[in-house]
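Encoded as structure tokens, the structure appears first; notes follow it.
The values are calculated or read from the model by the stated rules, or taken from the named source; none is laboratory data. Predicted model only: the values in this text are computed from it and were never measured. Here Cβ is always computed from backbone atoms with ideal geometry, including for glycine, and neighbour counts include all displayed protein chains. We work out accessible area using only protein heavy atoms, side chains counted, and drop any ligands, DNA or RNA first. Shrake-Rupley method; radii C 1.70, N 1.55, O 1.52, S 1.80 Å.
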Amino acid sequence: MTTEVTTLSADQTPLFPIAPAAKARRRLAEFFTAELRSDNTRRAYLNAAKKFSAWCGENGLGLSSIETVHVAAYLKHLQAAGKSVPTIKQHLAGLRHLFDHLVTGQIIVINPAAAVRGPRYSVQEGKTPILNGDEARRLLESIPTDTLIGKRDRALIGLLLYTAARVKAAISLKVEDYYSEGASWHVRLQEKGGKAHTVPCHHRLQEYMAAYIEAAGIASDSKGPLFRTLRGGAKTLRNRNLLTQSNAYELIQRYKVVAGIKTEIGCHSMRGTAITNILENGASVEEAQNFAGHASPRTTQLYDRRDQQVRRGLVERIRF
């Protein structure tokens, strides 16, 4: 939980000046500290609530006087300020959930955001940059494996590419979450909503993981973190310090430069690369959905970039 959220108590109101009553402040604090399980969702909804509260304060609105027309006007305000459609829809979703919580807590009578319709938004293809097969190979081959840090980094990037794991799930792994069943190895990922998602490991990933775990000497530390930070000399691991998402992003950027990759990739690009690659190699959308642990095939289809290859081929048929 972030420091910003944990300091939001029933006795602290600067984030929500439109809610002066102690009972309302306490209910607001409950929403942001107990109701939301995802740190990312909590952070996004808190940001939306803070901005909406500031707008209400500027327009002389208190919590009890907010109506549907005011929420709609706020969305128009965001649109006029140049906010993207996904951002506006996220703000609306946050306000709906927040007001629902206040209604069930008998702070307000009705949810003023319930009847507000957000802007229409249709996405057929995701925007996350991905790598083609050759670039993914070059990225892995750019990592030197004569050091412990190189073996660790290759294992982490390999895990992201060969399992389509979200980076947060990857860096949260314990040693025991990488385990064998017979001759094959699996990784147990804790995904969104606390769901456990088990993925079998590609034979190359097994090689990367074996080399890293042996070099790190962590095989017997089953409850310890799998991917750890290194001490000053980069020759030994810290016992309990996990890599952070920013650490993972930085090492991907470092090896991207070494591999000569120009695409502006990030951690999530590894997930998109894996999903697109298995689709390109004959997997159905349903199979890719199961592999990625998506709740809906529509989400999986956002990662399907095969049409990009077709369009590039069509463009090259233009003759002038």
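Structure above, values below:
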read-out	value
Filtered residues of segment 241-271 (kept if buried (at least 17 other Cβ atoms within 10 Å of the Cβ), among the β-branched types (Val, Ile, Thr) and either more than 21 Å from the chain's Cα centre (by Cα) or not in a loop (DSSP other than H, G, I, E, B) (or both))	252, 261
Odd one out for residue 44 among (1) at pLDDT below 80; (2) surrounded by fewer than 19 Cβ atoms within 10 Å (Cβ to Cβ); (3) touching a Gly at 6+ places or on another chain (Cβ under 8 Å)	(1)
Enumeration of residues in segment 148-170 that are touching a residue at least 60 places away in the same chain (Cβ under 8 Å), open to solvent by 10 Å² or more (accessible area, probe 1.4 Å) and either assigned to a helix (DSSP H, G or I) or more than 17 Å from residue 243 (Cα to Cα) (or both)	148, 149, 151, 152, 161, 162, 167, 168
Among residues of segment 241-257, those that are without any contact (Cβ under 8 Å) to a residue 60 or more places away in the chain and of a type in the set (Gly, Ala, Ser), counted	1
Hits in segment 192-215 (condition: buried (at least 16 other Cβ atoms within 10 Å of the Cβ) and not in a helix (DSSP H, G or I))	197, 199, 201, 202
Subset tally (residues that are of a type in the set (Gly, Ala, Ser), part of a loop (DSSP other than H, G, I, E, B) and within 21 Å of residue 167 (Cα to Cα)) for segment 272-305	3
Single unsatisfied condition, residue 24 versus (1) in contact (Cβ under 8 Å) with a residue 60 or more places away in the chain; (2) touching a His at 6+ places or on another chain (Cβ under 9 Å)	(2)
Complete set of residues in segment 29-48 that are in a helix (DSSP H, G or I) and touching a Phe, Trp or Tyr at 6+ places or on another chain (Cβ under 7 Å)	42, 46
